[in-house]
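Asks: What follows is a structure written as structure tokens; I'll ask about it next.
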Amino acid sequence: MAKISFEFPDGSVKEFDQGVTTEDIAKSISISLAKKSVAGKIDGKMVEIDLPLEKGGKIEIVTKDTEDGLKVLRQTASQLLKAALADQFNNIQFGESTSDEDGFFVDTDKRDSQVSADELPQVEERINKMVSDNVKIERKVLSLEDALKQVDGDPYQAKLVNELAEDGQVVFYQIGDYLGLGEGVVLPEAKAVKEYKLLSVAGAYWEGKSSNPMLQRIFATAFYKKADLEEDLKRRQEAKERDHRVIGNKLDLFFVDPKVGAGLAYWMPNGATIRRVVERYIIDKELANGYQHVITPVLMNLDAYKTSGHWQHYREDMFPPMDMGDGEELELRPMNCPSHIQIFKHHIRSYRELPMRIAELGMMHRYEKSGALSGLQRVREMTLNDGHTFLRLDQIQDEFKKVLGLMVEVYKDFDIKNYHFRLSYRDPKNTEKYFDDEEMWSKSQSMLKGAMDDLGLDYVEAEGEAAFYGPKLDVQTYTAMGNEETLSTIQLDFMLPERFDLHYVGEDGEEHRPVMMHRGLVSTMERFIAYLIEVYKGAFPTWLAPKQVKVIPVSMEKYGDYAKKVNSKLAALGIRTSVDDRNEKMGYLIRDAQTNKIPYTIVVGESEMNSNQVSVRKYGEQDSESLSLDDFIKEIQEDISNYSRE
Ligand code: ATP
Ligand code: ZN
């Protein structure tokens, strides 16, 4: 029999008979490895564990405890889910099905109705039966022609078949009567899928485009171990309680309604208050740190974005230009950089003005895919705490350190602790995606790295994550669902000054090219406040709380006037307060103030009125304390000026 040879990750090479499977290869190494292995990776391509291999190559054995290994399990589970759905519902059609670090999903279209969450238990029963019967999952390779016949009548599957076809062949998996399109390597038997859970159903547009039909996406997850599944379900429950969309609704902070515009947020009075406090805070902080705040238009002539290169590189994320009919095309800006460049260019600049820090709460628009939109966290209209610093090459490191220092200060004020730094470099092999200037990249990347090392900060390095014009430092935080997201960012840019032909007059009287630094301290107002809602679980520290004090008279009739007097004294000092004059039991009113997470509830009755005192109960505490009104004012003012709780 012909021999084929495989090279292992450690560099060793072994020969096997042609037709050997990854499972055989794993067994030849050790039984314990074979037990853990779930697929093979030959020259980087995943293959089924029991697939006879015709050719050798570089081999990796994929085990259960790896990300790829989990993907194989979830892909298997999604194949079983499709089989169960096909069995339960006649004529059901399938969109995409995929798995990621968060679980897996299958998109469905029942045509005349929708799959509802109530039907999931029945679907689970069907899957359980396949698992307990240990149904075989058989790989079948179909010609493109046969594959299209097999999915006849399902336009989504037909499109996927065409996309997934390789050399005119398409992989399908047979599970009982169901022969379904394979969208990733699976395990050969159903019994592996014991620990799974169907989680929820939500609408999702086919291919993520809102002009396409809306499908029902069934979310699910699966693990190899029961304990892992249980832990994951617990985490999901906790995340749900923290979800900024849920809290935003409960506390009446904001809403987004696809009917009036997907990804366009409406800030209710409570949410707008929080945002205003954050905006004032950040502007004051920046002014105190040498930034000049400006205001520039959201609309700009499209030519500016052609000059900047956004139009060439970023067009799919931009709203289409508005053709004004007279040759002018206006664009809703997706970024504020070209606007701040106009501010810089408006005067002749001297080296004495550098570093010149221009900042703005700049509103921008990005046409994010509808499937990616999520509450305030990812929107289509957003206001970025943006800043562009124009500086000399030799000022980069100092300025970078300054911005980092400012960032850390701001994080402290907001009590943000769970974050890490990520330095993003270009991928040197991908010349298409990155501005072509070898020297600029290596110089600037090492400057940023040098500054981080000088400051003694920990960071991870990510190749291929840089912006197309330069390297960047991102501050990564986590959403309630545990997903990483970028909050703050500092990006170096050698390209825009070139493209817009920027210069300043140097000490030598000659013109020189400045470097640009883009930075966002607290990201967009939208994403930052979504994040804060989750961090605080809606219980905002006093300085941010939409309502800081609720005054409750024991009886409105008897002590209403005193309650109003206390209230106006606080209000005159800029404290956000109101009297609860509803005719309800006191216990109810106090509970209501707690439900709304108001930091201070004040109760006033006979003794308080006679001694000019207030009875104060802090959010989350059981006991109340009697204080003179003046002492209370001192306490709350101190609390407000201290920012975060600690
Ligand atoms: P992402 O990778 O999250 O899409 P990006 O790299 O395109 O972001 P930048 O152009 O650097 O983002 O924008 C600055 C900041 O604006 C980001 O760090 C992020 O925090 C925030 N941001 C970006 N897109 C959105 C959005 N659609 N909704 C809310 N905030 C956003
Ligand atoms: Zn910018």
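Asks: Just the accessible area per residue of the range 78-145, please: how many Å² with a 1.4 Å probe? Write down the numbers at each step before the final one.
Replies: On the way: 3320 Å² over 68 residues.
It amounts to 49 Å² per residue over the range 78-145.
Asks: Based solely on its DSSP helices, what 222 nm [θ] is calculated for the chain when runs of n ≥ 4 H residues each add -39,500 (n - 2.57) and the sum is averaged over all residues, nearest 500 deg cm²/dmol?
Replies: Numbers: 21 runs with 232 residues, N = 646.
Mean residue ellipticity at 222 nm (helix-derived): -11000 deg cm²/dmol.
Asks: How big is the chain by the Kirkwood estimate over distinct Cα pairs, in Å?
Replies: On the way: mean 1/r = 0.0344 Å⁻¹.
Taking every pair of different Cα atoms in the chain, averaging 1/r and inverting gives 29.1 Å.
Asks: Using Cα-only point scatterers and the Debye equation, what is log10 of I(q)/I(0) for the range 550-646 at each q in 0.13, 0.15, 0.24 Å⁻¹, rounded to two decimals?
Replies: -0.40, -0.54, -1.45
Asks: Considering Cα pairs under 8 angstrom that are at least six residues apart, work out the relative contact order of the chain and quote it in whole percent.
Replies: On the way: 1163 pairs, mean separation 56.8, N = 646.
Value for the chain: 9 percent.
Asks: Could you give me the ³J(HN,Hα) list for the range 382-397, computed from phi with Karplus coefficients 6.51, -1.76, 1.60 and θ = phi - 60°, whole Hz, x at Gly and Pro?
Replies: Result, ordered by residue: 9, 10, 8, 6, 9, x, 10, 10, 9, 8, 7, 3, 6, 9, 4, 4 Hz.
Asks: Checking the a/c ratio against 1.5 first, then a/b against b/c, what shape does the Cα gyration tensor give for the range 430-573? Write down the numbers at each step before the final one.
Replies: Details: a/c = 3.86, a/b = 2.33, b/c = 1.66.
Here the range 430-573 falls in the prolate category.
Asks: Taking amide H positions as placed in the peptide plane 1.01 Å from N, state which residues far from residue 108 in sequence (5 or more) or on other chains have amide H under 5 Å from it.
Replies: HN-HN under 5 Å from residue 108: 95, 216, 217, 218.
Asks: Could you go through the range 298-307 in sequence order and give the Karplus-derived ³J(HN,Hα) for each residue, using 6.51 cos²θ - 1.76 cosθ + 1.60 with θ = phi - 60°, rounded to whole Hz, and x for Gly and Pro?
Replies: Result, ordered by residue: 7, 9, 8, 4, 4, 3, 4, 7, 6, 4 Hz.
Asks: In whole Hz, with x marking every Gly and Pro, tabulate ³J(HN,Hα) for the range 403-417 from phi via Karplus 6.51 cos²θ - 1.76 cosθ + 1.60, θ = phi - 60°.
Replies: Running phi through 6.51 cos²θ - 1.76 cosθ + 1.60 with θ = phi - 60° gives 4, 4, x, 4, 4, 5, 4, 4, 4, 5, 4, 8, 6, 8, 10 Hz.
Asks: Would the range 140-234 count as rounded, prolate or oblate if I go by the C-alpha gyration tensor, calling it rounded below 1.5 in a/c and otherwise prolate when a/b exceeds b/c, oblate otherwise? It would help to have the intermediate numbers written out before the result.
Replies: Details: a/c = 2.70, a/b = 1.35, b/c = 2.00.
Verdict is oblate for the range 140-234.
Asks: In the calculated pair distance distribution of the range 408-468, what percentage of Cα-Cα distances lie above 15 Å? Numbers along the way, then the final one.
Replies: Working: 1054 of 1830 pairs.
Counting pairs separated by more than 15 Å, the tail of P(r) holds 58 percent.
Asks: Ignoring ligands, DNA and RNA, what percent of the 1.4 Å accessible area of the range 502-597 is carbon and sulfur?
Replies: Details: 1860 of 4110 Å².
After summing per-atom areas, the C and S share lands at 45 percent.
Asks: Would you work out if the range 553-609 is rounded, prolate or oblate? Take a ≥ b ≥ c from the square roots of the eigenvalues of the alpha-carbon gyration tensor; rounded if a/c is under 1.5, else prolate when a/b is larger than b/c, oblate otherwise.
Replies: Values: a/c = 1.94, a/b = 1.04, b/c = 1.87.
It is oblate, given that a/c is not under 1.5 and a/b is not larger than b/c.
The values are calculated or read from the model by the stated rules, or taken from the named source; none is laboratory data. It should be emphasised that the depicted structure is a prediction, and the values quoted were computed from it without experimental measurement. Accessible surface is based on the protein model in full, side chains and every heavy atom, while ligands, DNA and RNA are left aside. Shrake-Rupley method; radii C 1.70, N 1.55, O 1.52, S 1.80 Å.
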